[in-house]
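Read through the structure below, which is laid out as structure tokens, and then see the notes.
None of the figures in this text is laboratory data; all of them are computed from the coordinates on show. It should be emphasised that the depicted structure is a prediction, and the values quoted were computed from it without experimental measurement. Cβ coordinates were reconstructed from backbone atoms using ideal geometry, including for glycine residues, and neighbour counts include every protein chain displayed.
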Amino acid sequence: MASGLARIVSLLAAPLALCGGMIAATAGECPGNPSALGTSRTIVVDPREHGRIGTMDYAETLPLVDREVVLTFDDGPIPPHTPKILDMLAAECVRATYFIVGEMAREYPALVRRAHDEGHTIGTHSMNHPIKFRAQSVERGNMQIDDGIAATAKALGGPDKVAPFFRFPGFGHTAAAHAHAAAQGLQVWGADIPADDWHKIGGREVARRALNRLESKGKGILLLHDIHARTVEALPIILAELKARGFRVVHVVPSSAERPATVTTMAQWLPHSRSAPAVPVILIANVQDPEGESLMRRSDAELCDLSPAMPQASFRTAVRKRIQMATAGEINLPYIDPGQPKAAHAKAIEVKVKASKQEPANGAKAKAPPAKVATAATASPPRVEMHAVH
Ligand SMILES: [Zn+2]
């Protein structure tokens, strides 16, 4: 924790830091795209002050204000999906945080460098992405963390280019692994909003879930994966909708001696009640969420899982094989947790569907101009006005 004087210096320096080269173009400053979504601001965080963030797993989350979102992409990089996603982010002058898998960095170092050079924050996500991280021994778990960082640093040409941001594969953390991460000065990132892009659903459904959950929470860290075609399909919808709905993208970077942390209060890191949501305009009509919106928590195996046909021997090989199969139209398997018997999986789905049916319906379909109507706080979900995407 900074001393009083350092705090004052920090207070004075923080706006300067935001004006430096790291800040992304705002909407009006995006070359070739005057109507770009842009990146509204950059938050500088001190990993040692806030070691674990993301309300899906932890008590604290980023100090965002209402209608701010942080985009995160896990598991890559891998062609052809990562380059497409980078192209889309660049076109909108949006900066994100990547959680790189070490063996992917080893195989595709140029893509890691590209993401870094285009201004995105590069965190890490283990060396081999073990699906059941909790089942690793303490030593193996620590090696997964350390080796992933080392491989990513090698791809970037130096450890200083890797942010001390780490996300556990499948959020499969343990007390020992948390302790190791803290000892390494890492900030452990969970997330606030899943988009289910690891499930066998369409890109529009990924976008719909991301946006509905974001509307419900009002702000937060959005969890995406740049290894899936459905995420490539979903991202343009998500970016367009964020812009249409008045959301602002926030970029997060780690503090350093030259770059002091953005001054915040402890309360800003705690989830708290938000102002009443505006009536959202949803461009994706007629898509029902079979799992409901209350099922925000996922098991380790559900998060970042792979097809049961894919062995875990090499995460990279499995992902690449799946991309090849998808390209050839050969994947036609339901996504089943490989650690769960089929009957138990079916039962779990049944329970989830039942739970979703008990939730209030998501409002009537109606054509309406984009509405900016503030509503009073209410216990019921926000009303939704919908029209179709063309
Ligand atoms: Zn992952």
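Looking at D87, is it of a type outside the set (K, R), part of a helix (DSSP H, G or I) and either within 16 Å of the ligand (Cβ to nearest atom) or crowded, with 24+ Cβ neighbours inside 10 Å (or both)?
When the stated conditions are applied, D87 does not pass them.
Considering only residues that are in a helix (DSSP H, G or I) and within 15 Å of the ligand (Cβ to nearest atom), which ones fall in segment 130-140?
Applying the first criterion (in a helix (DSSP H, G or I)) to segment 130-140 yields 133-135, 138-140.
Across segment 130-140, the qualifying residues are F133, R134.
Could you check, for segment 63-83, whether at least one of its residues is in contact with a Leu (Cβ under 8 Å, 6 or more places away or on another chain), more than 16 Å from the ligand (Cβ to nearest atom) and charged (D, E, K, R)?
Within segment 63-83 (the criterion being in contact with a Leu (Cβ under 8 Å, 6 or more places away or on another chain), more than 16 Å from the ligand (Cβ to nearest atom) and charged (D, E, K, R)), the answer is no, since none of the residues qualifies.
Count, please, the residues in segment 67-88 that happen to be over 20 Å from D196 (Cβ atoms) and in contact with a helix residue (DSSP H, G or I) (Cβ under 8 Å, 6 or more places away or on another chain).
Of the residues in segment 67-88, 5 are over 20 Å from D196 (Cβ atoms) and in contact with a helix residue (DSSP H, G or I) (Cβ under 8 Å, 6 or more places away or on another chain).
So which residues in segment 193-203 are within 16 Å of the ligand (Cβ to nearest atom) and touching a helix residue (DSSP H, G or I) at 6+ places or on another chain (Cβ under 8 Å)?
If we filter segment 193-203 for residues that are within 16 Å of the ligand (Cβ to nearest atom), which is where we start, we get 193-199.
Scanning segment 193-203 gives I193, P194, A195, D196, D197.
F171: closer than 28 Å to I43 by Cβ, within 12 Å of the ligand (Cβ to nearest atom), touching a Ser or Thr at 6+ places or on another chain (Cβ under 7 Å) and in contact (Cβ under 8 Å) with a residue 40 or more places away in the chain, yes or no?
Criteria not met by F171.
Would you pick out the residues in segment 90-129 that are of a type in the set (D, E, K, R), more than 15 Å from the ligand (Cβ to nearest atom) and over 17 Å from the mean Cα position of the chain (by Cα)?
Hits for segment 90-129 are E92, R106, E107, R113, R114, D117, E118.
In the set G148, G185, which member is within 14 Å of the ligand (Cβ to nearest atom) and either farther than 21 Å from V65 by Cα or surrounded by 23 or more Cβ atoms within 10 Å (Cβ to Cβ) (or both)?
G148
Looking at segment 96-117, I want the residues that are free of Cβ contacts under 8 Å to residues at least 60 places away in the same chain and under 15 Å from P164 (Cα atoms) and have a partner that is assigned to a helix (DSSP H, G or I) and of a type in the set (D, E) with Cβ atoms under 8 Å, at least 6 apart or on another chain. Which pairs are those?
Listed pairs, sorted by first residue: G102/D147.
Report whether or not A210 is surrounded by 23 or more Cβ atoms within 10 Å (Cβ to Cβ) and either away from the ligand (no atom under 16 Å from the Cβ) or within 12 Å of the chain's Cα centre (by Cα) (or both).
yes
So, restricting to strands (runs of 3 or more DSSP E) that lie completely within segment 156-271, which ones have at least 1 residues that are polar (S, T, N, Q)?
187-189
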